[in-house]
1. Bin all alpha-carbon pair distances of segment 171-289 at 5 Å intervals from 0 and give each bin's fraction as a whole percent.
2. Nearest 20 debye, what's the magnitude of the dipole of the chain about its Cα centre given +1 on Lys and Arg Cβ and -1 on Asp and Glu Cβ?
3. Would you pull out the residues with amide H under 5 Å of Gly309's amide H, same chain only if 5 or more places away, H placed 1.01 Å from N?
4. What is the Rg over Rh value, at two decimals, for segment 72-130, using alpha-carbon atoms and the Kirkwood definition of Rh?
5. Out of the GluC sites (Glu not before Pro) in segment 222-306, which ones are loop residues according to DSSP with at most 14 other C-beta atoms within 10 Å?
6. Per residue of segment 33-49, in order, report the coupling 6.51 cos²θ - 1.76 cosθ + 1.60 (Karplus, θ = phi - 60°) as ³J(HN,Hα) in whole Hz, putting x for Gly and Pro.
7. Per the 1.4 Å probe, what fraction of the accessible area of segment 41-180, in percent, lies on carbon and sulfur atoms?
8. Note down the Stokes-Einstein diffusion coefficient of segment 1-121 in µm²/s, whole number, using a Kirkwood radius over alpha carbon pairs, 20 °C, and 1.002 mPa s.
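The values are calculated or read from the model by the stated rules, or taken from the named source; none is laboratory data. Quantities reported herein were computed from a predicted structural model and do not represent experimental measurements. Heads up, the Cβs are rebuilt from the backbone with ideal geometry, glycines too, and the neighbour counts pull from every protein chain shown. Please note that ligands, DNA and RNA were not included when accessible areas were found on the heavy atoms of the full protein model with its side chains. Shrake-Rupley method; radii C 1.70, N 1.55, O 1.52, S 1.80 Å.
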Amino acid sequence: QSDIQFNLMSTIAYFSIDVNSDGSLVTNNAGYQGYWSRQATNLFNTAHENGDMVVATFEDFSTSSIATLLQSPSYEATFVSNVVSQVVSRGVDGANIDFEPTGDGGLAQNFSSLMGQLHAAMIAAAPTSSYLSVDVYASAYQGGELYNISTLAPAVDSVDVMTYNMNGGTQPGSPINGPFNYTDTGVVNGFLSKMPADKLILGIPYYAKSYSTTTNTFGAPVQDGLVGVPYYDGVLNTFACVGQQNGAHGPVINWDSTSQTPWAYWWGPSSTGCSFSDPNTFDEMYYENAQSLEAKYALVNSDGLRGIGIW
């Protein structure tokens with residue numbers, strides 16, 4: 001909690017409470033128990049004292065579970081009732097819904113309808129605790145999977161588009177521009193063709209991804225898969241560790257002007273002990289720093305978006 005600059009934030013989204021396929025909640029795990037913990041109470045109170053909202057995130061990443069829920073009116077009613085109860089009884093300001101299935105189940109309209117039902121129920125139960133946001137994939141403006149942005153956006157207060165890890169492999173996960181499948185600029189333009197800017201939140205990564213690769217070139221083929229997912233302090237610690245062990249052959253820091261993101265490569269020390277580094281192979285890390293984040297903030301401001309979401 002001491003790391004959070006409450007004066008620079010508007011909303012804390014508690015992650016997360018798991019949802020079952022019948023609309024009930026998973027109550028015997030750390031997510032639910034943490035939500036009702038003394039630590040969470042302290043966090044929520046501090047946020048409120050600083051004028052920040054608090055929302056509870058309800059998540060389901062199971063495709064089959066989501067499909068079961070969305071095809072049963074009784075399960076949907078249970079879900080709505082449980083979300084409203086958890087929000088109101090905990091004294092938070094609303095809910096964030098994070099449903100992430102794989103594949104196109106043809107249930108986008110069902111999901112939009114459910115969000116409309118939930119929002120109406122929240123407003124009826126407690127207008128001051130009725131803020132509703134929903135997390136969606138960067139590809140959601142194209143339709144398919146669970147999302148029809150044209151019908152979903154009117155049902156909620158905001159849409160948080162997850163513009164991270166958009167391209168996989170050794171590529172920037174959240175590039176502004178470039179020859180990638182998805183870029184921040186392209187995704188935002190796609191969403192703004194379906195919904196108003198003042199409801200759109202650009203969800204951006206506050207983390208990196210590190211891979212062992214076959215060469216030290218930008219976008220080199222992955223050799224052994226993902227090495228790690230460090231936060232920024234992990235990035236700096238890895239660079240320092242590799243530099244200490246490799247001396248002049250330590251990490252080479254680069255800036256890709258097209259994607260407006262930093263990346264680095266190094267030869268993994270044979271006796272590594274360095275986090276997020278494989279020994280005796282090239283390693284590459286794609287990450288965010290102040291300069292790359294500033295470019296994303298500029299995009300938010302120039303397009304008049306609601307703001308950013310930090311993951």
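1. All Cα pairs, binned at 5 Å, distribute as 2, 12, 20, 21, 17, 10, 7, 5, 3, 2, 0 percent.
2. 220
3. Amide H neighbours of Gly309: Leu202, Gly203, Ile204.
4. Expressed as Rg/Rh, it is 1.00.
5. For GluC sites (Glu not before Pro) across segment 222-306 that sit outside H, G, I, E and B with at most 14 neighbouring Cβ atoms in 10 Å, the list is empty.
6. Karplus-based 3J(HN,Hα) across segment 33-49 equals 5, x, 4, 9, 7, 5, 4, 5, 4, 4, 5, 5, 5, 5, 4, 5, 5 Hz.
7. For segment 41-180, the apolar C and S fraction of the accessible surface comes to 50 percent.
8. The Stokes-Einstein estimate is 142 µm²/s.
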